[in-house]
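Input: a single structure, listed below in structure tokens.
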Amino acid sequence: MNSEKRLAPASVVLLFLVIFFAAGYILFPLVRLLKQSVQPAGVIFSFHAYMDVLRSTFVEAAFNSVAISLLSVLGSALIGSFLAYVFHSFDFPLKTISSKLVLVPLALPPLVGVISFMFLIGESGILTRGIATLLSIAPSHFALEGWWGIVAVHVYSFNVYFYVFVSSALSQLSESHGSAIDASLSLGASRASTIRRIVLPMLTPSFIGASLVTFMASMASFSAPFLFGGTTRYLTLEIYTAKLNGNDANAAAFAVLLSIVSVSFLLLLRWYQGRKSYVLVSKGSGRRSTVPHSPVVRLFAVAAAMVLVILLSLPVIIIVVLSFVKEGSWTYQILPHSFTVQNFVKLFGDPRVFKPIANSVEMALTATVIVVFIGVCASFLVVRKKFIGKRFLELMMNVPFGIPGTVIAVGLILSFNHPSFFSAQSILIGTFWILPLAYAVRNLPILFRSTSSGLEGLDPGVEEAAWILGSSGWQTLRRITFPLLLSSLVSGALLVFINSLGEFVSSILLYSYDTKPISVEILSQLRLYNVGGAAAYCTLLMILVMVAVGISSKISRVTLAE
Amino acid sequence: MAELSLRSISKSFGQLQAIAPLDLEIHSGDFFSLLGPSGCGKTTLLRIIAGLEQPSGGSLFLNQEDITKLLPQKRNIGLVFQNYALFPHMTVFQNVAYGLEVLRQSKNEIRKKVESVLEKVRLNGKRDVRVPNLSGGEQQRVALARALVVEPRVLLFDEPLSNLDHALRLETRGVIKQLQKEAGITSIYVTHDQGEALAISDRIAVMDRGIILQTGTPEELYFSPANRFVASFVGRANFFTAEICKGGFAINFVGEEELLVVLPEEIYIERKVKGETKSTLGSDLVSTNACGRIIDVQFSGAIVEYLIEFLDQKIRATRSSGTHKAELCAGAEVMISLPHNISRKVSRE
């Protein structure tokens, strides 16, 4: 305990490394963005870029972004909460597998979700063409593109936030004070008023939490508006377009404005999570307590949930089916007709096709190593040590969570397209390193949080017990602390790896020919109308993700079983 | 065998003084208890002895050697934690072997020692079980084995039984006491349960608000409390301003500086019979010439406890349940008598 008061030399070195990373790759790019937005070439200070942006497309793009995000929140809330309630309240056949299927969008790389939607309900999608043929009208009449297309993809991807938040709140509700429901019923309240006056108020915190997360994710969404939005202006797209047009100042101004919105929502979220929620500590078994429903309600609710589950699994099925489509064979037909395993043979047989896979794996691994090292050091320092600026370091570790990937990518470009102190006076743009760095920055908060909460959850007595038995600080760290943190560390690292593997948002801005990752290659294949090839990449990504999730849940199950 | 002495040990957390400077001698081989309500500083004192906290002042001697500044790793003092603090990722064997492994003993040696200590705590059948799969009582015994196996000079217990149910508590208490006597290890036991402390200890220090109020054998604390707190905490005693005069006790007369301490089992009650004001008792009991009213009767097996309203205060009387009578029920008027030879007194404060 006394050893925690002053920083040991080793800790000082680690602290220096963590501060270097946070300052160089998180703070510096943001400062650089700000500077670029008010200091266009040669001018000392000007709001010109902001005026320009405000006069041109900002208002429209901001309106679209906010409106679409609000609609996404609404749709996600309805579907996610409904599913959570049905899964919590009723037992029905295939429940276990269905509850896993509902979680799929959480692990699916966003790009894969968007592409599967294109093939499902886009202008040349299977459902669109099917209905068009059935009713013999032009597909463009009801193809979901633009606004509603983006909303549909968002609801598909983000309803799972509501599902997760509301599910855990519901099980907490019945575990820690399930008798509140029973009490209300026994006091003579009707089912409806029990739901309205007991269940819903207790769920409010998780509704708000999920809404904030969904809103942030929608505002930061890039793949959906990029591939599905048609001509819809969206803030993240405007940054990208301005950057491609070489207008750095306008891109920076857009990025700053979007960041302000996102970071304020992040702060709102953190403030809200910091407040007290309705969790009472009580003893007793976790008996499930629910409001009883009539069989008719039950039947309809379960049937509706099953339809939703099927709809939510459809995109994954479509991708897998399409991955067997022969190159160039599927053009105007409703359904593809000639299939082959050639796409998968090529993935590993053709060096040109395999290259993006090797790139992505290598860059994702590099990013994971960086994130694990910085994240573990940072959480140790923040949780265990006392030093000046600790709160600020903690904030820095969390900031990338609230900043859209497009903004981070543009910040990195502006910072490292010329020699800089943080890149050892070399230019990083165009090299291998810039992509892993971007992945690392984006994913750092995930690992930092999982490790920090793992460390905080550790009983300090366990380490004290080791000291008392004569075990040195280093022995204790190696034999007690690290093994106990291993499961949260491994699952955090796997999550970082799979996120980096399918990362699209910053990749599209930062890749060069030699470092083309899977996600960008998928896009290239789509542009070449090679549906099968693109889908095969997507399928491979999904398989890798499934393997990683499997390993992670196996590890946590082993730890839980102990 | 080791003796421990604390000289003017004190501890402050910021403005708050957790332990006022105190001296304490713990004899070699003693089973010594620190008894007090929660928040009295007893656990802090234990952590100072273990080296997990640095005292704000004073020094700590183990066999005349100053260990105040010694790291916990170097003290060779064992500690059994309240929540056991077992290593959750290890088996029973690995938990117990850990302390020997860090001392770099040979594999053979370790196996022999661990098996022998596991036998003593009756856990040899569970050696390869991971500790989270054990029951509370078994985890408690692993913690005990883990602390014992390294043959510490002093063994510390931080409320080790507070997470067990009553029956298991009594059983484990016996195991602890027996193992301590066999090994002859000087032990310090922290508890807030006065019954536990009385039953298990050779000597006890009663603590309140960072101060040691009295140190002594269980009998000394129970029958000769030094002050009102000890009398009330250890013996759950009643207090009267009283003295014996002709024909009985004069209770609650004003002006007395000291309080008479009467233990619950010393108070004799009998049902008041109409018209009669004097009790007809043996010669060693003296009536108080005053009546009380029973508020509550609690039957708890071997004894019956009566809560009585008596001269503007609530007093507690107990009887062995064999002598309980149905007429002594809530609401009954009773005559109160005390043994004539009580002379146990404490000051008012």
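The values are calculated or read from the model by the stated rules, or taken from the named source; none is laboratory data. What you see is a predicted model, and the numbers here were worked out from it, not measured in a lab. Quick reminder, even Gly has a Cβ in these numbers, built from the backbone with ideal geometry, and neighbours come from all protein chains shown. Side chains included, ligands, DNA and RNA excluded: accessible areas come from the protein's heavy atoms. Shrake-Rupley method; radii C 1.70, N 1.55, O 1.52, S 1.80 Å.
Running a GNM on chain B with Cα contacts under 10 Å, which residue among B:Asn133, B:Asn238, B:Asn95 ends up with the highest mean-square fluctuation?
Answer for the Gaussian network model of chain B: B:Asn133.
Give the ranking of A:Ser294, B:Ser106 by solvent-accessible surface, highest area first, calculated with a 1.4 Å probe.
Output order, biggest surface exposure first: B:Ser106, A:Ser294.
Between A:His337 and B:Ser5, with labels modelled 7 Å along Cα→Cβ, what's the label distance in nm to one decimal, could you check?
10.3 nm
Using the alpha-carbon centroid of each, what span in Å lies between region A:208-270 and region A:442-504?
If we compute the Cα centre of each part, the gap is 33 Å.
What percent of all Cα-Cα pairs in chain A falls into each 20 Å bin, going from 0 up to the bin containing the maximum distance?
18, 52, 28, 2, 0
On a straight-distance basis, which aspartates and glutamates could pair with A:Lys554 in a cross-link, Cα separation under 14 angstrom, same-chain partners fewer than 8 positions away excluded?
A:Glu562
Which order do you get for A:Tyr234, A:Tyr161 if you rank them by accessible area with a 1.4 Å probe, largest at the top? Before the final figure, lay out the partial values.
Values: A:Tyr234 0, A:Tyr161 60 Å².
My answer, sorted largest first, is A:Tyr161, A:Tyr234.
For region A:451-562, what Kirkwood radius comes out of the mean inverse Cα-Cα distance, in Å?
Numbers: mean 1/r = 0.0585 Å⁻¹.
Result for region A:451-562, one decimal place: 17.1 Å.
Take B:Ser320 and A:Arg391, extend 7 Å from each Cα along the Cα→Cβ direction, and tell me the distance between the two endpoints in nm.
6.6 nm
What share of the DSSP beta bridges in the protein assembly as shown is antiparallel, in percent to the nearest 5? Please list the in-between numbers first.
Working: 55 of 73 bridges.
Percentage antiparallel, nearest 5: 75.
In whole angstrom, and with the biggest value first, how far do the Cα coordinates of region A:47-322 range along each principal axis?
Answer, in whole Å and largest first: 66, 51, 28 Å.
Please list B:Glu257, A:Glu60, B:Glu305 from largest to smallest accessible area, probe radius 1.4 Å, with all protein chains kept in place.
Details: B:Glu257 130, A:Glu60 95, B:Glu305 30 Å².
From most exposed to least exposed: B:Glu257, A:Glu60, B:Glu305.
Over all alpha-carbon pairs in chain B, figure out the percentage whose distance exceeds 26 Å. Write down the numbers at each step before the final one.
Values: 35347 of 60726 pairs.
Cα-Cα pairs of chain B separated by over 26 Å account for 58 percent.
Just the accessible area per residue of chain B, please: how many Å² with a 1.4 Å probe? Provide the component values of the computation, followed by the final result.
Working: 15950 Å² over 349 residues.
Here the per-residue accessible area is 46 Å².
Taking loop as defined by DSSP and a crowding limit of 13 other beta carbons within 10 Å, which chymotrypsin sites (Phe, Trp or Tyr not before Pro) in region A:34-137 fit?
Values: sites: A:Phe45, A:Phe47, A:Tyr50, A:Phe58, A:Phe63, A:Phe82, A:Tyr85, A:Phe87, A:Phe90, A:Phe117, A:Phe119; in loops: A:Phe45, A:Phe47, A:Phe90.
Qualifying residues, ordered by number: A:Phe45, A:Phe47.
Which value in deg cm²/dmol, rounded to the nearest 500, describes the helix-derived mean residue ellipticity at 222 nm for the protein assembly as shown, given -39,500 (n - 2.57) per DSSP H run of n ≥ 4 and division by the residue count? Write down the numbers at each step before the final one.
Numbers: 35 runs with 488 residues, N = 911.
Calculated at 222 nm, the ellipticity per residue is -17500 deg cm²/dmol.
Which whole number in µm²/s is D for region A:359-504 by Stokes-Einstein, with the Kirkwood Rh taken over Cα pairs at 37 °C and 0.692 mPa s?
198 µm²/s
Tell me which DSSP H helices of chain A clear both cut-offs, 20 Å or more of axial length from alpha-carbon atoms and a mean Kyte-Doolittle hydropathy of at least 0.0.
TM-like helix candidates: A:59-89, A:146-177, A:200-220, A:248-274, A:295-322, A:351-384, A:434-457, A:482-501, A:531-561.
Taking a probe of 1.4 angstrom, what is the accessible area of A:Tyr25 in Å², to the nearest 10?
That residue has around 30 Å² of solvent-accessible surface.
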